[in-house]
Amino acid sequence: MICESKSLKGKTFAQISPLLIEKYKKERRESELEKGRTRKPSTINRELQILSKIFSLAIKYGVTDKNPCSEVSLLPENNKRVRYLFDEEEQRLLSVLNRSSRTLVAARSSRDRHRNETRGFVQPHVGEGRFPTRTDLRAEFQNGKGLFGADERRR
């Protein structure tokens with residue numbers, strides 16, 4: 001027995017097919033966690049990768065002759081995040097780029113700085129020479145200051 005999933009419970013390596021792996025994937029996506037949340041695609045993908053490794057080891061040691069996970073595609077993951085460079089990181093990046101890439105990155109950086117400043121994201125109120133992140137802005141709103149401080153209002 002490989003795991004306690006309804007779709008795979010009680011099955012031997014030989015009985016598990018790509019269809020059963022797909023059922024397992026669907027079962028994991030639809031099952032609820034605490035507070036009504038569901039599993040993220042990245043979590044299910046890690047489980048499928050572990051299951052695939054188990055099958056690879058079983059093939060290596062002669063327990064089975066096929067890996068049904070190799071025929072099952074992983075779920076698309078949405079794990080993008082925005083990260084801003086500190087001033088010293090930006091300088092290190094610019095120092096290793098060739099001339100055309102450096103020009104492109106510098107233009108993008110100055111455009112983003114201008115865009116943030118015109119929207120009221122002023123660098124000094126965030127500190128440490130970096131642009132505000134969502135966490136910084138959330139903290140400002142929770143403290144009752146908003147984007148423009150306690151006394152300032154947007155005109």
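Data table
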read-out	value
Residue 38 long-range amide H proximity, modeled H, under 5 Å	33
Formal net charge of residues neighbouring residue 33 (Cβ-Cβ distance under 12 Å; K, R +1; D, E -1)	+3
Whole-Hz couplings from phi, Karplus 6.51/-1.76/1.60, listed for segment 21-34; x for Gly and Pro	5, 5, 5, 4, 4, 5, 4, 5, 5, 8, 6, 9, 9, 5
Note, ³J(HN,Hα) from phi for segment 84-94, Karplus 6.51, -1.76, 1.60, rounded to Hz, x at Gly and Pro	9, 7, 5, 4, 5, 5, 4, 5, 4, 4, 4
Among the listed pairs 11/60; 26/53; 9/35, those beyond 22 Å (Cα-Cα)	9/35
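Any read-out appearing in this document is the output of simple, stated calculations on the displayed coordinates, not a laboratory observation. All figures in this text were calculated on a predicted structure; none of them were measured in a lab. Cβ coordinates were reconstructed from backbone atoms using ideal geometry, including for glycine residues, and neighbour counts include every protein chain displayed.
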